[in-house]
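In what follows, a structure is listed as structure tokens, so that the remarks can point back to it.
The values are calculated or read from the model by the stated rules, or taken from the named source; none is laboratory data. For clarity, every value in this text was computed on a predicted model and none was experimentally measured. Neighbour counts are summed over all protein chains in view; Cβ atoms, including those assigned to glycine, are modelled from backbone coordinates with ideal geometry. Areas reflect the complete protein model, heavy atoms only, side chains present, ligands, DNA and RNA absent. Shrake-Rupley method; radii C 1.70, N 1.55, O 1.52, S 1.80 Å.
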Amino acid sequence: MFKNEKPFEIIVLGPPVSGKGTQTELISKTFDVPHISTGVILHDIKSDIANPLAAEVMGYMDKGQLVPTELVNQLVAKRIKKDDCHLGYAMDGYPRTLEQAEFLNKNADVDYVFLISVSDATIIERMSGRRVCPSGHAWHIKYSPTKVEGICDTCGEALFQRDDDKEETVKSRLEIYHRETDSIVKYYEEKGMLIKIDGERHIEEVFQQIVRKMVYDMRSKIGWK
Ligand SMILES: [Zn+2]
């Protein structure tokens, strides 16, 4: 029998609107490990006065500044050592840089790195097709169109495209994503750890691919062909 103290140390990488948050949540629920994201860590620290790093983090956040990467590293390292991570964790939104990936490699024993792979063209289509009404009801010109073009089915108000969803904005977000993530992907690829998942399918099918990879890996580790 193989013995891995924490068999589910799982990282999920992927571009914006790849559904990586959803997949990380599904992994978390299915394998009974906490869903960890830096957003939640930074949010929760406000009420975690026992944490010696809390005051330092709040100092940056109160001023609207980015929390420095070294500090984020310390927070993540602390978080994944908590008792609820005794079997592992499912993490998205970290590592975001090559330095963070290297830091994580020294401070954790990651078992699976999933890349939810979605082409730039699909991301642009998913985002630039979004339309919202002033009340925040969300639609998509292709995937969930309204009955009357440009009019919200729910409240009858006119739809518009948010600035964040405009093609130019999406393209510049993608550029940032590639600048940050391509080196991380290469890093895990060279270590033989990267598992590419076809993210252009339905949520259930994407999750199925993830679970299948994990089950096959565990089967081979315990000697079941
Ligand atoms: Zn509406």
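Quick notes on this structure:
- Surface share of carbon and sulfur [accessible, 1.4 angstrom probe, percent] for the chain: 53
- DSSP-defined antiparallel bridges as percent of all bridges, the stretch 8-219, nearest 5: 25
- Net charge over other residues, Cβ less than 13 angstrom from the Cβ of GLY192 (K, R count +1; D, E count -1): -1
- For the chain: Kirkwood Rh in Å [reciprocal of mean 1/r, alpha carbons]: 19.5
- Where chymotrypsin sites (Phe, Trp or Tyr not before Pro) fall in DSSP loop in the stretch 192-225, at most 16 other Cβ within 10 Å: TRP224
- Mean shadow area of the stretch 24-91 over all directions, Cα convex hull, nm²: 4.7
- Potential extension, GLU180-GLN65 segment - 0.36 nm per residue separation minus Cα distance: 39.5 nm
- C-alpha long axis of helix 98-107 to longest principal axis of the chain, angle in °: 40
- Helix axis angle, 203-222 relative to the chain longest principal axis, alpha carbon, degrees: 10
- Overall Cα dimensions of the stretch 110-152 - principal axes, largest extent first, Å: 47, 22, 14
- Estimated D of the stretch 127-176 in µm² per second, where Rh is the Kirkwood radius over Cα pairs and Stokes-Einstein applies at 4 °C, 1.567 mPa s: 116
- Count Lys and Arg as plus one, Asp and Glu as minus one, and take only other residues whose Cβ is under 15 Å from that of THR146; the net charge is then +1.
- Mean separation of Cα contacts under 8 Å (6+ apart) over length of the chain, as relative contact order %: 27
- Cα→Cβ-extended label distance, 7 Å offset, between LYS221 and SER119, nm: 3.5
- Among the listed pairs LYS63/LYS166; LYS20/LYS213; LYS78/LYS191; LYS6/LYS213, those whose Cα-Cα separation exceeds 19 Å are LYS63/LYS166; LYS78/LYS191.
- Furthest towards positive pole of dipole, SER183, CYS155, PRO68, structure part the chain, Cβ charges: SER183
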